[in-house]
Structure formats: structure tokens, C-alpha cells
Amino acid sequence: MNERRAAVHAAQGLMAWALLAAGPAVAQDIDLAELRELDDDRTDITYEGLTVHDLEELDIVRDGQRIGEVEDVLGRGEEVVALVVDLENNLSGLGDRDVVVPIEEIELVEGQRQAEISLTDEELAALPNWND
């Protein structure tokens, strides 16, 4: 890993730490009324080079274990701001539910159909539900 990439990862880690330190405040920053599901046929709306269609159905993993998958991509205007993640039943006490995860909370895994998340069960439980 070159120095520039290491610096970017360090900065991202600090930003993620600041968001996670806020705990449930991360979930409170999401105004569901402002968000709408983005059409997966739109190829002009992307996030880190992936279209809405590419983002949908990504596996969400934590510590190497699949914990859910992306059901929908949410936007404010034409900007991707959150993902609707269908959590798996096997998570302690969370049940099978769709939660809104801010896009900053996930890290795409290059070359794979998955994204990593580091939120704890408690932080996932604090995320708002998405009822479509």
C-alpha cells in the first residue's frame, strides 16, 4: 500500500471513528422524508463507480460474516446517500428487518459483490427501519 493510499485509509478511519463515537446520532442524522428509492435502471447515478443496479443485491459483511444484503439504494436528488439493508435473522435480537444505513458506513470490497460494515449490533438496532 503506497503512502497516499495509507493516508486516505487513515483519514477514513478517523471519520468513521467520529461517526461511530456518535452512536445513535448517526441514525438520527438521516431524514427519511428527504430520501427516495433510486431507480435501478438509471446508469447515470453512481457511487464509487457502481450504478444503482450494481449496488443492489450486494452482500453486507461484518468480520467476514454475511449479515444481510442491499435491497434498495436511497438518494437525495441524484446523490446516493444511504442503502436499505435487509438484515439476516441470525443477528442477536435484531430479527429480519430492513434498515437505512448511511453510505459512509459501508466500504465496498473491490472485485467482489460485497461491502463491509463495522457497526455493532447495538448500532444496527439504532438505525431507522425502511418500510416500502
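The values are calculated or read from the model by the stated rules, or taken from the named source; none is laboratory data. Worth saying up front: this structure is predicted, and the values here are computed from it rather than measured. Counting neighbours? That spans all protein chains shown, and the Cβs are built from the backbone with ideal geometry, glycine included.
Remark: pairs (first residue in region 46-66, closer than 14 Å to residue 109 by Cα; second residue surrounded by 18 or more Cβ atoms within 10 Å (Cβ to Cβ) and among the small types (Gly, Ala, Ser); Cβ separation under 6 Å; 6+ apart in sequence or on different chains) = 58/115; 60/68; 60/115. Tell me, yes or no, whether region 64-75 has at least one residue that is over 15 Å from the mean Cα position of the chain (by Cα) and part of a loop (DSSP other than H, G, I, E, B). Yes, region 64-75 contains at least one residue that is over 15 Å from the mean Cα position of the chain (by Cα) and part of a loop (DSSP other than H, G, I, E, B). Just one residue in the set 132, 96 is part of a loop (DSSP other than H, G, I, E, B), out of contact with any helix residue (DSSP H, G or I) (no Cβ under 9 Å at 6 or more places or on another chain) and in contact (Cβ under 8 Å) with a residue 60 or more places away in the chain; that residue is 132. Examine region 19-40 for a residue that is at pLDDT below 95 and basic (Lys, Arg), and state whether such a residue exists. No, the conditions are met nowhere in region 19-40. Of note, residue 66 satisfies the criterion of being over 16 Å from residue 130 (Cα atoms), surrounded by fewer than 16 Cβ atoms within 10 Å (Cβ to Cβ), modelled with pLDDT of 90 or more and touching a strand residue (DSSP E or B) at 6+ places or on another chain (Cβ under 9 Å).
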